[in-house]
Amino acid sequence: MQAIKRISQLKEEIRRLRKEKGDGTVGFVPTMGYLHEGHLSLLAAAKKETDIVVMSIFVNPLQFGPNEDFEKYPRDHERDLKMAEAAGADIVFLPETSEMYPRPIKTTVSVAEVTERLCGASRPGHFDGVATVVTKLFNIVQPDKAFFGMKDAQQVAVIRRMVDDLNMNVTIVPCPTLREEDGLAMSSRNVYLSPEERKQALVLSQSLRLAEALIRERSASPDEVRRRVEEHIRTAQLADIDYVELLSYPELAPVQPGQMPPSVIIALAVKFGKTRLIDNLIIEMGNSHV
Ligand code: PAF
């Protein structure tokens, strides 16, 4: 496996490997590092579906607000490289900020509507930062397929819409959320949690299951589902709710009472101390996945 910091060298190496593998396909896993099993499952999917696997590790300043955790975001390149190599990545791209943004950026990518709610509303500018860096990374890597975790379901909806609207030549492959044994969705930010916060954070996955039962019974209105989920989350004293929403997926439009769309998302963001966690469950009326 190669660790590469320069864009020019990365392009060169991908070109070489593609040729070596007889016009091989490239699978791309963009990350911000501090890898966990969830990231490794994306690498595994990429390895299964494509010939050359490229992972990027870049904490993108453009997608963090002024009071967010950009500086504090956990970083451990040495550990990440070992994990990526063991998982079979061919290349890890770890650019410095100056490599990705050599001068103040004047061109950004902005996706309307699907970014209006959930994290788009709580984190203004966040998805412009994501869409812009993902566009840059797609242009650099030129992958055939790119793999994203569904824990960030809104991010997947935004990127799919962007790829479709702008005729980008890449297939987006959404991959299921990986969870700890007790149900907590895996996230690099989980390391911030104190033992007590970690324990109380279990209300998130529990409340999603509660929502699923209520939605499947079709006995509760969207407002009632939201209220019951919030009520359950509040049983954890340290939980501070940012949002709980029930929306259609992938449009992310409000669900009208009595009109359950074929696919809905129950999405939540909750702070425990300084740590903001997100989680969601997508329910296809018939079967469900997280
Ligand atoms: O999901 C992430 O880790 C980031 O938002 C991404 C897609 C790597 C863009 O910085």
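Data for the structure
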item: Which numbered condition Glu37 fails, given (1) within 23 Å of Thr135 (Cβ to Cβ); (2) in contact (Cβ under 8 Å) with a residue 12 or more places away in the chain; result: (1)
item: Those residues of segment 39-67 which are assigned to a helix (DSSP H, G or I), within 16 Å of the ligand (Cβ to nearest atom) and open to solvent by 10 Å² or more (accessible area, probe 1.4 Å), in sequence order; result: His39, Leu40, Ser41, Leu42, Ala45, Pro61, Leu62, Gln63
item: Hits in segment 191-224 (condition: modelled with pLDDT of 95 or more and among the β-branched types (Val, Ile, Thr)); result: Val191, Val203
item: Residues within segment 23-38 that are assigned to a loop (DSSP other than H, G, I, E, B), more than 14 Å from the ligand (Cβ to nearest atom) and surrounded by 23 or more Cβ atoms within 10 Å (Cβ to Cβ), tallied; result: 0
item: Residue identified as modelled with pLDDT of 95 or more, within 13 Å of the ligand (Cβ to nearest atom) and in contact with a Ser or Thr (Cβ under 6 Å, 6 or more places away or on another chain) among Val130, Val109, Val156, Val134; result: Val109
item: Filter pass, Glu68 being of a type in the set (Asp, Glu) and either in contact with a strand residue (DSSP E or B) (Cβ under 8 Å, 6 or more places away or on another chain) or over 21 Å from Leu137 (Cα atoms) (or both); result: yes
item: All positions within segment 159-204 that are open to solvent by less than 20 Å² (accessible area, probe 1.4 Å), assigned to a helix (DSSP H, G or I) and within 21 Å of Glu230 (Cβ to Cβ); result: Val203, Leu204
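Let's see how each residue does on (1) of a type in the set (Gly, Ala, Ser); (2) within 19 Å of Ser263 (Cα to Cα):
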{"position": "Lys136", "(1), (2)": "no, no"}
{"position": "Gly149", "(1), (2)": "yes, yes"}
{"position": "Ala153", "(1), (2)": "yes, yes"}
{"position": "Arg160", "(1), (2)": "no, yes"}
{"position": "Arg209", "(1), (2)": "no, yes"}
{"position": "Ser219", "(1), (2)": "yes, yes"}
{"position": "Asp223", "(1), (2)": "no, yes"}
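The values are calculated or read from the model by the stated rules, or taken from the named source; none is laboratory data. In this text the structure is predicted, and so the values were computed from the model without any measurement. All Cβ positions, glycine included, derive from the backbone under ideal geometry; neighbour counts span all protein chains shown. Accessible surface areas use protein heavy atoms only, side chains included; no ligands, DNA or RNA. Shrake-Rupley method; radii C 1.70, N 1.55, O 1.52, S 1.80 Å.
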